[in-house]
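Have a look at the structure below before the remarks.
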Amino acid sequence: MVFESVRELVAPKRTLEVLQLLAEDGPLRFGELEDSVDTSSDTLTQSLTTLVEYDLIDREERNRRNVSYRVTEFGGDVLSQVRSLETDLEPDETPSDDGL
């Protein structure tokens, strides 16, 4: 189906929020993400798994209890494109010339 990869990234709850948080504050450990994102552990785990699968973030496991995540260069590029799309989709607040 068309746009299936995009749907996998943007449809799940909190996936883009996690990507943005890692871009702004990363690298972060799972517990830090869990404290910052208002969602269940299962949802956060799924978001992280999806982002790793698409190479938008890296998962670094030093040991079983010390795992951190950081945005990849590609993930930063994708986030920039999402931000650009968000800007393009925002309603234009300038008055129109058609009198409406």
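The values are calculated or read from the model by the stated rules, or taken from the named source; none is laboratory data. Predicted, not measured: the structure shown is a model, and the values here were computed from it. Here Cβ is always computed from backbone atoms with ideal geometry, including for glycine, and neighbour counts include all displayed protein chains. Just so you know, the surface numbers come from the protein's heavy atoms only, side chains and all, with ligands and any DNA or RNA stripped out. Shrake-Rupley method; radii C 1.70, N 1.55, O 1.52, S 1.80 Å.
Points worth noting:
- Odd one out for S47 among (1) touching a residue at least 40 places away in the same chain (Cβ under 8 Å); (2) small (G, A, S); (3) buried (at least 16 other Cβ atoms within 10 Å of the Cβ): (1)
- Checked against (1) on the phi > 0 side of the Ramachandran plot; (2) in contact with a Gly (Cβ under 7 Å, 6 or more places away or on another chain), L56 passes all but condition (1).
- Residue match in the stretch 3-13 (condition: outside any helix (DSSP H, G or I), open to solvent by 100 Å² or more (accessible area, probe 1.4 Å) and of a type in the set (D, E, K, R)): yes
- Within the stretch 59-83, the residues that satisfy the criterion of being open to solvent by less than 60 Å² (accessible area, probe 1.4 Å) and either part of a helix (DSSP H, G or I) or modelled with pLDDT of 95 or more (or both) are S68, Y69, V71, T72, G75, G76, V78, L79, V82.
- Lone unmet requirement of (1) in contact with a Phe, Trp or Tyr (Cβ under 6 Å, 6 or more places away or on another chain); (2) at pLDDT below 95 for T87: (1)
- Filtered residues of the stretch 14-40 (kept if of a type in the set (A, V, I, L, M, F, W, C) and part of a helix (DSSP H, G or I)): L16, V18, L19, L21, L22, A23, F30, L33
- For the stretch 18-37, the set of residues classified as touching a residue at least 24 places away in the same chain (Cβ under 8 Å) and of a type in the set (D, E, K, R) consists of R29 only.
- Filter result (open to solvent by less than 80 Å² (accessible area, probe 1.4 Å), of a type in the set (D, E) and within 19 Å of D77 (Cβ to Cβ)) within the stretch 14-44: E17
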